[in-house]
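The values are calculated or read from the model by the stated rules, or taken from the named source; none is laboratory data. Note that the structure is a prediction, hence the values are computed from the model and not measured. Cβ sites come from the backbone with ideal geometry, for glycine too, and all protein chains shown count toward neighbours.
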Amino acid sequence: MDEKILSAHGLTLEEYKRIVQLIGREPNEVELGIFGALWSEHCSYKSSKPFLKVFPTEAPWVLQGPGENAGVVEIDDKYAVAFKIESHNHPSYIEPFHGAATGVGGIIRDILSMGARPVCAFDSLRFGDPRNDGKRNSIKDAKPIVHGVVEGIGFYGNCIGVPTVGGEVVFDEVYAGNPLVNAFCLGILKKDRIFRARATKVGQKMVMVGSATGRDGIHGATMASAEFSEESESKRPNVQIGDPFFGKRLVECTLEVMEKGLIVGCQDFGAAGFAGSTSEFGAKSKMGVRVYLENVPLREEGMTPYEILLSESQERMLYAVDEENVEEVLKIAKSYGLEAAVIGETTDTNRMEVFYKGEKVADLPISAIVDDAPVYNRPRKEPEYLQKTRSFEQSTLPEVNIKEAIRKVISSPTIASKEWVYRQYDHEVGINTVVKPGSDAAVIRIKWAVKPEINSEKAVAVSSDGNGRWVYLDPYEGGKRVVVEAVRNVYITGAKPLAITDCLNWGNPENPEIMWQFEQATKGMADACRQLNTPVISGNVSLYNETVLPDKRINIYPTPTVVAVGVLDRPEDAIPSFYQEEGDFVVIIGETDKQPIVNGSEYLKEVHGTVSGSIPPVNIEMEKKMMAFIHENRKMIKSAHDVSDGGLITAILEPAFAEEKTFGLDLQIETYHRPDFELFDEMRSIVVISVSKSDLPFLEAKAKEKALGFKAIGQVTKEPELHLKIGNYEIADSMEELKSLWKNSLKNIL
Amino acid sequence: MKFGVAVYPGSNCDYDTYRVIRDVLKEDVQLIDYRRTDIDHYDCIILPGGFSFGDYLRPGTLASHTPLTGAIKDFAKKGKLVIGICNGFQILTEAHLLPGALMPNIHGKFVCRHQYLRVENADTPFTNQCEEGQILKIPIAHHDGNYFVDEDTLRKMEDNGQIILRYCDEFGNITEEANPNGSIRNIAGVSNEKKNVFGLMPHPERASESILGTEDGLYILRSILEYHS
């Protein structure tokens with residue numbers, strides 16, 4: 001076999017030999033295409049699989065763990081939520097608008113295929129630093145990518161009517177040639193109506209519904225499994241085009257046939273297109289599938305069986321339907337103006353048999369395609385850079401002007417308000433968004449009126465996090481911290497954290513140092529999940545996030561994006577992020593007496609220009625204490641915001657910058673440490689809360705009882721001025737000016 | 001009172017509007033498919049927000065040529081109440097039930113935010129529960145909300161009290177900074193000459209429960225009930 005042909009399919013010679021051995025003959029071209037797509041890293045998880053096994057996936061409230069289109073957790077005795085996050089990194093660098101748009105569309109259909117009404121989306125984005133635009137060689141400017149991605153997300157989400165209620169936007173040069181676009185969606189459903197990607201009987205019809213199939217996105221999965229080089233531009237045709245109007249009709253049609261009990265299983269067409277969906281359907285049903293490609297509605301003439309099988313045209317779904325319901329399903333699909341056709345049926349052969357105009361063009365055992373993909377135990381080695389970063393000593397840092405440093409950190413693009421981004425997203429459609437973008441977590445009601453009717457008194461809190469810098473500096477501790485941070489953002493609303501979904505964005509797995517990072521980080525994440533009792537119920541792995549330049553290779557920071565979901569008994573009880581009233585006391589709780597460390601902080605990067613230092617272990621016992629304290633006293637806690645990116649001072653200032661009001665702050669922080677360390681440390685488990693004066697003694701006593709650090713550090717004031725005494729330093733600044741820096745910096749840069 | 005909420009392919013605020021009328025106003029409400037024309041038994045038709053037909057052509061254009069919109073024209077002629085919200089407003093201008101047009105926002109971007117509005121005419125079926133000059137806070141979310149109308153028509157509309165809502169700041173000042181999309185004279189909502197057809201870019205259905213941050217949309221919805229009673 002010609003290696004060029006193999007490499008075009010993303011297969012190695014070894015893998016080809018394995019295929020021949022598995023099927024007992026040489027595969028034909030169509031079959032090779034199927035293997036190429038299904039055995040790609042993107043579909044088969046061949047490098048990551050062994051490490052994903054460490055994740056805890058079960059809890060009494062988990063109704064569906066990993067392995068389906070999305071995970072499902074129950075919310076109360078009747079209702080559940082389905083959620084998942086997925087990457088669309090590679091397409092978004094090549095074609096930012098459509099790359100991001102189809103990422104949103106794809107994750108919405110994953111949620112839909114579980115039988116859930118998609119009710120909110122999140123987007124976690126990483127770009128190069130736009131301040132470096134014009135200074136890079138062979139790498140595109142960041143600004144046009146940011147604009148394209150944000151517009152693409154808005155285009156799809158706004159049109160299809162799923163509110164984009166939160167996310168993150170982080171800027172760092174490591175992402176310049178390989179931005180990250182991770183899209184999350186959450187849907188609501190009745191507990192007893194979960195759909196899965198499977199048929200229930202032999203002889204059930206497979207009905208394909210949605211958009212007609214075109215030549216777009218052929219080999220998208222293979223592309224997503226290779227590193228980036230200057231040739232990537234030529235891969236533009238591999239990027240799919242999104243059509244949210246079709247997507248919207250597909251949502252309504254699918255929920256209607258589900259509501260009417262006309263289908264038994266559902267699967268969306270994602271990576272590896274028709275080949276992927278039908279074979280996975282067969283594998284999960286433990287049956288064979290027989291498909292007839294001439295029945296597939298096509299958008300272009302002259303498409304070959306190979307192209308039909310591997311096209312990643314968007315907005316298509318596969319239903320398993322009992323024969324007697326087929327006519328009704330087709331009728332409903334057509335009433336929505338969708339293409340619909342019976343394209344095959346389930347069989348008892350456990351084979352994937354593909355016919356085209358009477359000719360059998362592929363005949364493969366399903367297990368060979370889906371289950372027998374190679375699994376690699378890739379070599380791993382501790383990265384050399386860690387010796388250097390670990391040897392960093394913060395005491396060597398020069399002293400700086402604190403007032404200037406505060407201004408610099410809060411106006412860094414990563415810390416500054418993301419209003420420019422979320423104003424472009426409809427975050428209110430669905431009338432369920434109780435806590436809107438700009439807070440630590442979004443809070444969403446669980447109500448819907450039509451297809452299906454859902455009426456829970458509860459709400460969910462959702463937050464995403466993924467500080468790649470921490471994971472780069474210590475994959476194990478960093479991985480742990482990313483989980484803790486996402487979960488903390490959920491519990492500070494007063495919610496009970498239930499589960500997480502993750503998207504693991506990594507560099508080239510063939511590099512042993514990258515694989516070591518992967519092993520360590522997944523271990524750290526798993527340990528945190530276990531201790532916090534928040535299992536991983538779904539997710540996705542994106543490898544080869546590497547930029548190949550003529551003179552070097554740039555790998556992204558190992559970046560796990562974690563989205564945590566928790567439940568609130570009443571949406572009215574959600575604790576806001578913002579201060580509520582002048583005169584209230586600002587209190588820090590948690591590790592208030594611990595020595596501050598600015599390793600890996602935004603301050604270190606922005607003010608001292610370095611990413612370095614070791615990452616200390618996170619204190620999960622302290623997290624649990626804080627979680628219990630906040631939950632028990634949620635009616636007395638008037639606001640809560642945690643210390644993370646940008647450190648303590650950012651966590652104290654941001655709650656004063658509410659949309660319509662700017663508060664002042666009068667603060668006294670007693671410390672023996674350097675004020676910059678105290679103010680910019682991101683490593684301590686601390687939450688900044690505000691409480692009324694009358695509740696202060698009670699809460700302080702409660703915290704003491706639980707051995708939880710509790711320090712009142714000042715008061716919220718009316719005049720928008722900052723007065724801060726820290727150790728022997730005193731700082732005065734205008735809160736209006738600080739707010740304006742924080743609010744407008746990103747907008748001005750972009 | 002019997003409400004009908006139009007459902008065009010791509011409408012996405014149809015269910016929200018339906019839910020608010022059913023669960024908050026507790027009134028009779030039905031969804032109406034865009035292919036239907038039998039609507040005489042309704043007292044008020046609402047054209048909801050969203051992206052009818054994907055808005056791939058000019059927003060509202062395709063929806064304005066559907067059987068349901070044809071029936072709504074006759075319905076309006078009879079003096080019955082028609083209200084278009086966001087995309088619904090765009091459909092009403094495209095169907096010539098309202099004067100003017102909605103162009104892309106002047107900054108070229110979609111904008112989603114809570115917006116202050118000043119009630120310019122409180123003597124209409126849609127604002128009789130407000131006072132003239134009252135400030136309402138109601139969310140907007142649109143890409144094409146930049147209202148335009150020629151000067152002659154505008155003067156006539158102003159003389160006839162057809163300018164119902166304008167974008168303003170929290171104190172009611174009509175300023176350029178308070179204008180989210182470049183609309184001429186900060187116009188956010190207008191009616192036809194007879195005042196039985198009303199179009200507005202803000203979403204009253206998103207401002208009908210305190211938990212969502214504002215209940216000011218109820219002033220508009222309750223005005224309709226009051227007018228009909």
The one condition B:Ile72 fails out of (1) surrounded by 23 or more Cβ atoms within 10 Å (Cβ to Cβ); (2) within 14 Å of the chain's Cα centre (by Cα); (3) among the aliphatic types (A, V, I, L, M) is (2)
Sort through A:Tyr476, A:Tyr422, A:Tyr472 and tell me the only one that's surrounded by fewer than 24 Cβ atoms within 10 Å (Cβ to Cβ), in contact with a Gly (Cβ under 8 Å, 6 or more places away or on another chain) and away from chain B (no Cβ under 14 Å). A:Tyr476
Output for the range A:148-163, where each listed residue is within 17 Å of the chain's Cα centre (by Cα) and either within 7 Å of chain B (Cβ to nearest Cβ) or without any contact (Cβ under 8 Å) to a residue 40 or more places away in the chain (or both): A:Gly154
A:Ser439 within 14 Å of another protein chain (Cβ to nearest Cβ) and touching a Pro at 6+ places or on another chain (Cβ under 8 Å): yes
Is it the case that the range B:60-67 has a residue that's surrounded by fewer than 21 Cβ atoms within 10 Å (Cβ to Cβ) and away from every other protein chain (no Cβ under 14 Å)? yes
Breaking point among (1) surrounded by fewer than 23 Cβ atoms within 10 Å (Cβ to Cβ); (2) touching a residue at least 60 places away in the same chain (Cβ under 8 Å), for A:Gln314: (1)
Here, helices (runs of 4 or more DSSP H) confined to the range A:616-732 with at least 1 residues that are surrounded by fewer than 17 Cβ atoms within 10 Å (Cβ to Cβ), among the basic types (Lys, Arg) and modelled with pLDDT of 95 or more are A:620-632, A:696-705
All but one of (1) buried (at least 19 other Cβ atoms within 10 Å of the Cβ); (2) farther than 30 Å from A:Pro558 by Cβ hold for A:Phe355; state the number of the condition that does not hold. (1)
Looking at A:Glu256, A:Glu231, can you tell me which residue is modelled with pLDDT under 95, assigned to a helix (DSSP H, G or I), over 26 Å from the mean Cα position of the chain (by Cα) and more than 22 Å from A:Glu86 (Cα to Cα)? A:Glu231
Limited to the range A:559-570, what total is found for residues that are crowded, with 24+ Cβ neighbours inside 10 Å and either within 14 Å of another protein chain (Cβ to nearest Cβ) or closer than 22 Å to A:Ser694 by Cα (or both)? 1
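Mind listing whichever residues of the range A:174-204 are small (Gly, Ala, Ser) and within 30 Å of A:Asn89 (Cβ to Cβ)? Give the steps one after another, and end with the answer.
Looking only at the range A:174-204, we keep the residues that are small (Gly, Ala, Ser), and these are A:176-177, A:183, A:187, A:197, A:199, A:203.
A:Ala176, A:Gly177, A:Ala183, A:Gly187, A:Ala197 - these are the residues of the range A:174-204 that are small (Gly, Ala, Ser) and within 30 Å of A:Asn89 (Cβ to Cβ).
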So in the range A:180-202, with the set limited to residues that are under 30 Å from A:Glu151 (Cβ atoms) and β-branched (Val, Ile, Thr), which one is nearest to the chain's Cα centre (by Cα)? A:Val181
Can you go through B:Ala178, B:Ala141, B:Ala122 and tell me which one is free of Cβ contacts under 8 Å to residues at least 40 places away in the same chain and either farther than 25 Å from A:Val165 by Cβ or out of contact with any Leu (no Cβ under 8 Å at 6 or more places or on another chain) (or both)? B:Ala122
Selection from the range B:41-59 of residues that are more than 14 Å from chain A (Cβ to nearest Cβ) and aromatic (Phe, Trp, Tyr): B:Tyr42
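Residue-by-condition table, conditions (1) assigned to a strand (DSSP E or B); (2) within 14 Å of chain B (Cβ to nearest Cβ); (3) at positive phi; (4) surrounded by 23 or more Cβ atoms within 10 Å (Cβ to Cβ):
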| site | (1), (2), (3), (4) |
| --- | --- |
| A:Val450 | no, yes, no, no |
| A:Asn455 | yes, yes, no, no |
| A:Arg481 | no, no, no, yes |
| A:Val484 | no, no, no, yes |
| A:Leu498 | yes, no, no, yes |
| A:Leu504 | yes, no, no, yes |
| A:Gly524 | no, no, no, yes |
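Residue-by-condition table, conditions (1) away from chain A (no Cβ under 14 Å); (2) not in a loop (DSSP other than H, G, I, E, B):
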residue: B:Ile106; (1), (2): yes, no
residue: B:Arg118; (1), (2): yes, yes
residue: B:Thr124; (1), (2): yes, no
residue: B:Asn128; (1), (2): yes, no
residue: B:Asp144; (1), (2): no, no
residue: B:Thr175; (1), (2): yes, no
residue: B:Ala178; (1), (2): no, no
